[in-house]
Amino acid sequence: MSLLVDFAAWLGTTSLSALVIGHDWLVPAIQVVHILAVAGVLIASLHIHLRALNLLERDVAQEQVTARFLPILWGALGVLAFTGLLLIASEPTRAMFRTIFWVKLALATAASIGTWAQGPLALRFNTGGVAVSPAQRVLAVATLLVWLGVIYAGRWIAYADAWAGAPA
């Protein structure tokens, strides 16, 4: 934990931190962009997985839908990472010393991999044309549930207590 404490202390002294906390309007603006990026991630992921569940674009092959929406997902995830870094820089100890923050990051990583995996699964289990395999359907349901966990964990960060002994 010492390394994390040192990192948080250093981050709090950077010009990035000073910039973000130096303008009252900046944190709410960053939060708006962060939430819009969450929407972009969810829309792309929903489209990919709802196609795997045969609820959208039944006449289009899964790999085509995945290829169309993955760039949106990756772009939105990049915006999330950048805005998340800015938000952490504004209050380094607020998130980094809460277990739920790390759970959120782990869930987001798992959900991103699950969403990306729809493309290779569509090629691996090529059932011909627009059909999807049971594996794709299971992955779709599981990944959508993990994305819901990401949203829940992200919201929970504001209410979770810091670890015992964490810096204030």
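The values are calculated or read from the model by the stated rules, or taken from the named source; none is laboratory data. Predicted model, so just to flag it, every value in this text is computed and none were measured. For neighbour counting, all protein chains shown are included, and Cβ atoms are generated from backbone atoms with ideal geometry for every residue, glycine included. Just so you know, the surface numbers come from the protein's heavy atoms only, side chains and all, with ligands and any DNA or RNA stripped out. Shrake-Rupley method; radii C 1.70, N 1.55, O 1.52, S 1.80 Å.
Return, ordered by residue number, the residues of segment 21-50 whose backbone nitrogen is under 17 Å from a label point located 7 Å along Cα→Cβ of I151. 32-50, by backbone N distance to the label point. Could you pull out the trypsin sites (Lys or Arg not before Pro) across segment 12-116 that fall in loop regions by DSSP (anything but H, G, I, E, B) with no more than 14 other Cβ atoms inside 10 Å? Sparse-neighbourhood loop trypsin sites (Lys or Arg not before Pro): R58.
In segment 6-85, the C-alpha radius of gyration followed by the widest Cα-Cα span (Dmax) gives 17.7, 54 angstrom. Remark: segment 2-156 carries a charge dipole of roughly 340 debye about the Cα centre, counting +1 on each Lys and Arg Cβ and -1 on each Asp and Glu Cβ. The simple Förster model, with R0 at 35 Å and r as the Cβ-Cβ distance, assigns A162 and V138 a FRET efficiency of 0.45. Surface analysis of the chain yields an accessible area of 55 Å² per residue, using protein heavy atoms and a 1.4 Å probe. Extension gain for the segment H23 to L85, taken as residue separation times 0.36 nm less the Cα-Cα distance, is 20.7 nm to one decimal. Projected label points at T13 and A110, each 7 Å from Cα along the beta carbon direction, are separated by 3.7 nanometres.
Entry note, the chain: relative contact order of 30 percent, from Cα contacts under 8 Å with a spacing of 6+ residues.
Two tests apply to each whole DSSP H helix in the chain, Cα reach of 27 Å or more along its axis and mean Kyte-Doolittle hydropathy of at least -0.5, and the ones passing both are 26-52, 62-90, 134-156.
Counting protein heavy atoms only, the chain has 72 percent of its accessible area on carbon and sulfur, 1.4 angstrom probe. Pairwise inverse Cα distances across segment 2-156, averaged and inverted, put the Kirkwood hydrodynamic radius at 16.9 Å.
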